[in-house]
Amino acid sequence: MYQALYRVWRPQTFDDVVGQQAVVKTLKNAIATNKVSHAYLFTGSRGTGKTSAAKIFAKAINCPHQENGEPCNKCAICQSITEGSLSDVIEIDAASNNGVEEIRDIRDKSRYAPTEAAYKVYIIDEVHMLSTGAFNALLKTLEEPTQNVIFILATTEPHKIPATIISRAQRFDFKRISQEDIAKRLMYILEQEHIDYEEAAIQIIAKTAQGGMRDALSLLDQAISYGDSVTYENALDVSGSISQEEMGAYLVALSQQDTGTALSILHTILSHGKESTRLLEELLSFSRDILVMHAVGKQTTLVSSVHLDTLTQISSSFIYRFIHELTLTQQAMRVSTQRDLYLEVLTVKMATEEEIPVLETAPLELETLKQEVSNLKNQLEKLMDSGITFEKTVEKVVPKPSKPQEVFKPNLARIFNILARATAQDKQKIQDEWQDILSCLAVSQRAKLNASTVLAASPEGVVIGFEYDLLCGLTAEDAELRNDISKHAMRLIQHPCVVECVPHNQWKDVRDKFIQAKKMGTLEQYLTPDVSEKVSIMQAVDSKQFIEETIETTLEEIPEIISKATALFGDAVYIQE
């Protein structure tokens with residue numbers, strides 16, 4: 001049966017443990033000098049070697065042939081511990097054995113001396129999962145340890161362990177393994193397995209593992225399953241990473257304000273199944289590497305020489321601004337279900353906003369200012385020496401009014417012309433065809449309308465609502481986009497469709513103004529003559545219909561009135577036609 005790489009290549013000696021030099025050195029010296037404690041606490045994130053180090057430690061203290069703190073791995077005890085068959089080394093999963101009774105059972109059994117080995121070792125994995133009662137039972141054992149019994153507690157969440165437990169054990173913190181150390185270990189394993197690989201693929205896997213060797217080996221296993229060799233494309237697929245070529249092209253398009261190309265690249269990446277949050281993290285890391293490259297003039301482990309010349313043309317100020325926007329977008333995406341939408345808005349914003357130029361002549365101007373200040377001081381000293389006095393006058397500083405932020409203002413006249421003849425049927429007709437209309441637009445045009453909704457519609461036009469003022473303003477200013485919408489609407493619903501834009505946060509105010517103008521009789525001043533005439537006709541038709549319905553109702557009620565009068569007054573009732 002095939003065994004996973006992380007099981008086959010599990011460290012069997014302290015020298016095999018990757019990236020934990022300080023921990024390994026301390027444990028080896030403790031074993032070599034016979035200064036072994038009764039309790040140890042191994043903490044660190046997953047895949048950093050906690051359980052492996054615990055098993056190696058159990059072998060080393062029980063191995064009769066250990067040398068400099070290392071087990072021989074050849075004797076019967078070492079091989080039994082490796083196979084998990086030695087009764088004196090007990091590995092317990094605290095996640096499934098977290099009750100008081102289980103810990104009491106351990107406490108009772110720990111009183112007995114080891115049968116085969118020199119020490120009885122209890123390795124309790126995920127110890128933070130123990131209940132409060134179980135911790136109290138374990139505390140009693142650690143307070144009064146039995147001779148030749150050692151407890152090794154492993155956890156990924158040390159903050160959940162009571163301080164009374166931590167204070168009675170020697171704590172070792174296993175740090176995340178560096179990308180370089182993981183890559184070296186993966187390449188060593190592939191060479192031993194006689195499997196070809198691309199170094200760029202190994203770097204991608206090592207970076208995705210985020211400091212966990214077990215995760216790295218699992219990803220490597222998946223990449224090997226793709227074929228006989230580990231290629232860059234396979235590594236991207238199994239890790240869900242984005243190629244630096246795509247990220248580089250995306251950044252270049254943004255810096256050149258090429259909105260269409262940037263959106264096209266973004267949609268291509270997302271269509272390949274890449275997660276929005278993962279893409280955001282990759283872009284942050286990639287942008288950081290470009291900044292380092294600008295600062296030190298050195299190629300980093302992520303940025304290859306493929307687009308090096310092009311990426312160096314992107315200014316540092318643009319990268320700083322991009323990182324700032326990425327951070328804001330990342331915070332907003334945490335509570336949103338439409339994460340792709342935030343990336344599209346970010347793309348449009350970065351590609352349309354002009355970059356603030358960096359003043360490169362600042363040092364020169366600073367020297368000029370210093371010289372001018374020095375000259376003024378000299379002139380002042382000469383005037384003071386000549387006996388001239390000065391009257392101090394303080395000019396009243398008038399604070400400049402802050403420039404108000406520009407807010408998009410919808411065109412009330414054109415919107416009122418649509419609302420005057422708007423019907424629910426027209427709105428429903430547009431809503432039914434709205435997605436088809438959007439699908440006919442270009443990618444850059446469709447990005448502006450992704451968060452739009454149909455608010456009202458008439459035979460002449462439609463009012464579109466936007467969640468963001470920025471997209472509302474961009475659409476309102478884009479005459480070509482509105483013409484394209486009208487053209488596609490003509491084809492799908494058989495009549496032209498003038499597009500008017502309004503932000504969602506202003507729609508209620510616009511609607512209230514329309515209702516008020518209609519009540520006050522001032523709506524006519526907003527309407528064009530043709531619409532005003534049509535509205536008057538509609539009102540006249542409605543009035544005529546009301547009169548006819550009233551007359552008809554009255555005629556139906558006359559016989560009933562006559563019968564009631566006859567019943568009351570008898571023959572005295574005289575009916576006149």
What pairs in Lys487/Lys519; Lys429/Lys519; Lys274/Lys508; Lys55/Lys207; Lys427/Lys513; Lys25/Lys207 have C-alpha atoms more than 31 Å from each other? Lys487/Lys519; Lys274/Lys508
How far apart, in nm, are two points set 7 Å out from the Cα along the Cα-to-Cβ line at Asp108 and at Leu270? 6.1
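If you place +1 on the Cβ of every Lys and Arg and -1 on the Cβ of every Asp and Glu, how big does the dipole about the Cα centre of segment 3-126 come out, in debye to the nearest 20?
Working: 15 positive and 15 negative charges, 64 e Å.
Dipole about the Cα centre, nearest 20: 300 debye.
If you take the square roots of the eigenvalues of the alpha-carbon gyration tensor of segment 423-487 and sort them as a ≥ b ≥ c, do you get rounded (a/c under 1.5), prolate (a/b over b/c) or oblate? Let's see the in-between values first.
Numbers: a/c = 1.68, a/b = 1.43, b/c = 1.17.
Prolate, since a/c reaches 1.5 and a/b exceeds b/c.
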In segment 170-309, taking the dipole from +1 charges on Lys and Arg beta carbons and -1 charges on Asp and Glu beta carbons about the Cα centre, the listed residue (Gly260, Leu186, Val296) farthest towards the positive end is Val296
Check: C-alpha center segment 117-144 vs C-alpha center segment 405-447, spacing in Å is 67
HN-Hα couplings for segment 99-116 via Karplus (6.51, -1.76, 1.60; θ = phi - 60°), in whole Hz with x for Gly/Pro, come out as x, 5, 5, 4, 5, 5, 5, 4, 4, 5, 6, 5, 6, 7, 6, x, 8, 10
Per 0.36 nm of contour for each residue apart, how much would the distance between Gln338 and Leu376 grow if the chain were fully extended, relative to their Cα-Cα spacing? 7.6 nm
Could you give the size of the charge dipole of segment 169-236 about its Cα centre, using +1 on the Cβ of each K and R and -1 on the Cβ of each D and E, expressed in debye and rounded to the nearest 20? 540
Residue by residue through segment 500-506, which ³J(HN,Hα) values in whole Hz follow from phi under the Karplus form 6.51 cos²θ - 1.76 cosθ + 1.60 (θ = phi - 60°), with glycine and proline marked x? 10, 10, 8, x, 4, 6, 10
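Say the cut-off is 29 Å between C-alpha atoms; which of Lys120/Lys160; Lys74/Lys160; Lys349/Lys518 go over it?
On the way: Lys120/Lys160 26 Å; Lys74/Lys160 39 Å; Lys349/Lys518 39 Å.
Violating the 29 Å Cα-Cα cut-off are Lys74/Lys160; Lys349/Lys518.
Values quoted throughout were computed directly from the atomic coordinates according to the rules given, and no laboratory measurement underlies them. All values derive from a computational prediction rather than experimental measurement. All Cβ positions, glycine included, derive from the backbone under ideal geometry; neighbour counts span all protein chains shown.
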